[in-house]
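Here the structure is laid out as structure tokens; the discussion comes afterwards.
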Amino acid sequence: MEQKKNKELILNNINSFLQTDLGKKIINRLMKDGKKIKAEKILSDVIILLSKIQAEDPIKILKNAIQRVQPLVEVRTIRVRGANYQVPVPVPVKRKTSLSIKWIIESARKKKTGPMKVRLQEEFLLAYQRQGESIKKKIAVHKLASANRAYTHFRWF
């Protein structure tokens, strides 16, 4: 009886998360060829898998994983007097979230072992533990921005 209540609570929690802005962003990023229901199913399966593996709230794990992958700065290419410079610029809040979701899903798609729900769940867990491909991508972007610090005076846009 108690197990049934826990399952209902998790399902209600999943449905409410899928209706939030963050849930919709993840679903739209996961979606291929307009198959939104399939993307929703994958995300809900990921949340269920996370609840089975971790004792913590799976939605909290998702949010923390996305937050830990968010880049602080990125580089933009600017052309000045015939030369191209990569100028580090701060990333707006919406773009931070979009980039982190994009990187997590891309790194899950790169793996070719098992179904997408398992790969995505593993990638969210790795990002939550500050490991994995998406965190490496964030570090690479930060290193590139740090290497091009000298060109910040070209930032007039």
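Return the loop-located trypsin sites (Lys or Arg not before Pro) in the stretch 78-155 (DSSP other than H, G, I, E, B) with at most 16 other Cβ atoms within 10 Å of their own Cβ; answer none if there are none. Mind showing how you got there, number by number?
Details: sites: Arg79, Arg81, Lys94, Arg95, Lys96, Lys102, Arg109, Lys110, Lys111, Lys112, Lys117, Arg119, Arg130, Lys136, Lys137, Lys138, Lys143, Arg149, Arg155; in loops: Arg81, Lys111, Lys112, Arg130, Arg155.
Answer in residue order: Arg81, Lys111, Lys112, Arg130, Arg155.
Expressed as an acute angle from 0 to 90° and rounded to the nearest 10, what is the orientation of the C-alpha long axis of helix 58-69 relative to the principal long axis of the chain?
10 degrees
If you take every DSSP beta bridge whose two residues both sit in the stretch 2-154, what share of them, in percent to the nearest 5, is antiparallel? Numbers along the way, then the final one.
Details: 8 of 8 bridges.
Within the stretch 2-154, antiparallel bridges account for around 100 percent of the total.
With axes computed from alpha carbons, what is the tilt in degrees of helix 133-147 against the longest principal axis of the chain, rounded to the nearest 10 within 0 to 90?
Rounded to the nearest ten degrees, it is 20.
Between Val93 and Arg81, with labels modelled 7 Å along Cα→Cβ, what's the label distance in nm to one decimal, could you check?
With each label placed 7 Å out from Cα toward Cβ, I get 3.9 nm.
How far is helix 2-18 tilted off the main Cα axis of the chain, in degrees rounded to 10, range 0 to 90?
On a 0 to 90 degree scale, this one is about 30.
State which entries of Lys94/Lys143; Lys60/Lys143; Lys117/Lys143; Lys41/Lys143; Lys111/Lys137; Lys36/Lys138 exceed 26 angstrom in Cα-Cα distance in the structure shown. Walk me through the numbers before you get to the answer.
On the way: Lys94/Lys143 22 Å; Lys60/Lys143 28 Å; Lys117/Lys143 31 Å; Lys41/Lys143 36 Å; Lys111/Lys137 15 Å; Lys36/Lys138 28 Å.
Beyond 26 Å: Lys60/Lys143; Lys117/Lys143; Lys41/Lys143; Lys36/Lys138.
Under the rule of -39500 (n - 2.57) per DSSP H run of 4 or more residues, summed and divided by the residues of the chain, what mean residue ellipticity at 222 nm is obtained, to the nearest 500 deg cm²/dmol?
Details: 7 runs with 103 residues, N = 157.
Mean residue ellipticity, 222 nm, calculated: -21500 deg cm²/dmol.
Since every read-out is calculated from the coordinates, none of them should be taken as a lab result. Just so it is clear, the structure is predicted and the values come from calculations on it, not from any experiment. As a convention, Cβ positions derive from the backbone with ideal geometry for all residues, glycine included, and neighbour counts pool all protein chains shown.
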